Structure formats: structure tokens, C-alpha cells
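Heads up: the structure comes next, in C-alpha cells.
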Amino acid sequence: MASPALAQTDPLGAMGLWKIDLAASRFNEALTGPAPVSAEVDVTKDDGKSLAWTLIEEDESGLAAIQFANAPLDGTPTKAVVNTQIVMISVRRDGQSGVTAVTHNKTGRKQSMRVWLVDANTLKVEQDVDGQPGPPDQSLTFKRVR
């Protein structure tokens, strides 16, 4: 087992392609709109210092959401793309196998996501979209494809 100091600089183990498990996910359609029919996250960088990923969600009419980011894991705000907007995202390491990401757009809307590896092939995302205290607004489960 790695020491706590080393664990914070080791990769998370999230590199690869992940597809959403719709049956294991819980959506809040009143807050975020219709649930996607498919979604995938491609983590292309996981070196313990930063993460880079692309998220693509599709709904019945086509593209529902897209996100690109390459963010340091020390909480430093950095630019990311969500749909057609440039937003600021801060990602901070949250233990050995997780991160907390906070996204801010120009209108002041703030969304936080806690993302962690449940096991080597299961990635969990808990989203807080409305900023209100309580349980997560959405809970998404992704399974490793490769």
C-alpha cells in the first residue's frame, strides 16, 4: 500500500474509455433535462498531477452535451469547454482514487462533481447542479470499456 503522501501524486487509475450504465445511474430530469440515451467519458491523461477528459452525452435528438478539459489536480482554475461555452473548472484531488471538480460559467452558475473509482472498472460521478445542500442532484455510474 502506498503511503498517503505518495497516494496523492499517483495516477487515479481512470485512464481509458468509460460508458454510462443507465440502469445504475440516477437522473434529475426536472433540474437538468431529459436523461441521456448514452454517454461516454474518455480520460486521456491521468498522471497524478492533472486529468484530461472528453465527455459526450447523446439524447434522442443527437448531441446533448460535450465537455473537454485538461485540469491540474491542485484546484487551480483552468479553462474548459462545456457545449459551446468556455468555463472555468477547478479540480482537486479527493483521496487516492477521486477528485472534486467545480465548474463556473459566465452567468455564475456553479456545478460540482465528486468523481471516484469504486473499483478498477466502475467510475461514479455525483453531481450537485443547483448548489443546494442535501444529497447529490444526480448520481451517474460509468463502466470501463477499455
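The values are calculated or read from the model by the stated rules, or taken from the named source; none is laboratory data. Quick caveat: nothing in here was measured; it's all calculated off a predicted structure. Cβ: placed from backbone, ideal geometry, glycine included. Neighbour counts: every protein chain shown. Surface areas here come from the heavy atoms of the whole protein model, side chains and all, with no ligands, DNA or RNA. Shrake-Rupley method; radii C 1.70, N 1.55, O 1.52, S 1.80 Å.
Numbers at a glance
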{"item": "Filter result for the condition that a residue is under 21 Å from THR122 (Cα atoms) and without any contact (Cβ under 8 Å) to a residue 60 or more places away in the chain, over TRP53, TRP18", "result": "TRP53"}
{"item": "Enumeration of residues in region 126-135 that are open to solvent by less than 40 Å² (accessible area, probe 1.4 Å) and in a loop (DSSP other than H, G, I, E, B)", "result": "VAL129"}
{"item": "Test set (1) open to solvent by 70 Å² or more (accessible area, probe 1.4 Å); (2) modelled with pLDDT of 95 or more - LEU140 fails condition number", "result": "(1)"}
{"item": "Residues of region 58-87 classified as assigned to a loop (DSSP other than H, G, I, E, B) and open to solvent by less than 30 Å² (accessible area, probe 1.4 Å), total", "result": "2"}
{"item": "Qualifying position, being loosely packed, with under 15 Cβ neighbours inside 10 Å and not in a loop (DSSP other than H, G, I, E, B), among LEU31, LEU55", "result": "LEU31"}
{"item": "Sole exception among (1) surrounded by fewer than 13 Cβ atoms within 10 Å (Cβ to Cβ); (2) under 14 Å from LYS19 (Cα atoms); (3) modelled with pLDDT of 95 or more for GLU40, by number", "result": "(1)"}
{"item": "Selection count, region 56-80, where residues are touching a residue at least 12 places away in the same chain (Cβ under 8 Å), out of contact with any Phe, Trp or Tyr (no Cβ under 7 Å at 6 or more places or on another chain) and closer than 16 Å to THR103 by Cβ", "result": "13"}
